[in-house]
Structure formats: structure tokens, C-alpha cells
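Participant: My questions all concern the structure below.
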Amino acid sequence: MTDGELVELLWERREEALERVQEKYAPWCRAIARNILGREEDVEECLSDCWLQLWKAIPPARPAHFQGYLGAVVRNRALLLRARRGRQVDTVSLAALELAQCLPPAEGPEERAQGEALGRAVSQFLRQ
């Protein structure tokens, strides 16, 4: 099922819409929430909140990029839940994970050595 079809099902308020969204995106959403929250019971609570929020948001929202919209919902709910639990958000790790997807893979030993040197320098800086 395409993302456009999922949005259409949600728009029409068909109950199968959430089932279809979960079939397609639950593992991906779970991974996002788990990276932020860590504890499985928090992840379950976060995902339940996300499905409800998605149901309430569409309509009136009609996102053009559904997967990105859903990812933002999960990430924001997980950050909110983590803050409510009194745990500080590790924004450096989250930003690094997000940026890692944008970087091209190392092409050879020289690039790998540069990357390792940069990693050591950043680690040393963070330890200080």
C-alpha cells in the first residue's frame, strides 16, 4: 500500500488505516522511539500515543510526505515522553545519527583514516 493510499484511508476515517500504517511502519517507528527512549515499555507507550495522534491529525492535515510526517510525530512524542520521565535528551547522539544518514560512505583507506582521526578528536573534545 502506498503512502498516498494510507493518507486517503486516514482521511476517510477508515479503521483499517491504522492497521495498515502499523503493518508498514511499526518496525521503523519502533526503532526511532527505541533510539530515543531505550526502555521497551516507554517505546510501547510512545507508539500508542503516536497512533492516536496520527488518527487525530489526519484530517485536517494531509501530509505530502507521509513517512517523514510519521517519523516527526514519533520523534517528537518520544522526546516529550523522555523529558516527562525526567531524563535528559542526548541531543549530540541524536544529531549524529541523523547526520550519519546524509554522509557518503568512505571511499578508501585515506578517507577512513581521516574519519577515525576526526572521531578521536571529537571524542577527546567531548570528554573534556
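No value in this document is a laboratory result; all are computed from the given coordinates. This one's a predicted model, so the numbers in the text were calculated from it and none came from an experiment. With ideal geometry, Cβ positions are generated from the backbone for all residues, glycine too; neighbour counts draw on all protein chains shown.
Participant: Take every Cα pair under 8 Å in the range 1-89 that's 6+ residues apart, average their separations, divide by the length, and report that relative contact order as a whole percent.
Facilitator: In percent, rounded to a whole number, it is 36.
Participant: While we're on this one: Rounded to the nearest 0.05, what FRET efficiency do Glu5 and Ala83 give with R0 = 30 Å and r taken as the Cβ-Cβ distance? Could you check?
Facilitator: Efficiency computed from Cβ-Cβ geometry: 0.30.
Participant: What is the sum of charges around Met1, taking Lys and Arg as +1, Asp and Glu as -1, for the other residues whose C-beta is under 11 Å from the C-beta of Met1?
Facilitator: The answer is -4.
Participant: In nm, what is the difference between 0.36 nm times the number of residues separating Glu23 and Glu110 and their Cα-Cα distance?
Facilitator: 27.1 nm is the gain from fully extending Glu23 to Glu110.
Participant: Here is a further query. Tell me which of Trp28, Leu81, Ala57 sits at the most positive position along the dipole axis of the range 8-89, charges placed on C-beta atoms (Lys, Arg +1; Asp, Glu -1).
Facilitator: Positive-most Cα among the choices belongs to Leu81.
Participant: What spacing in nm lies between the two simple spin-label points modelled at Glu15 and Ser123, each 7 Å away from Cα in the Cβ direction?
Facilitator: About 5.3 nm, to one decimal.
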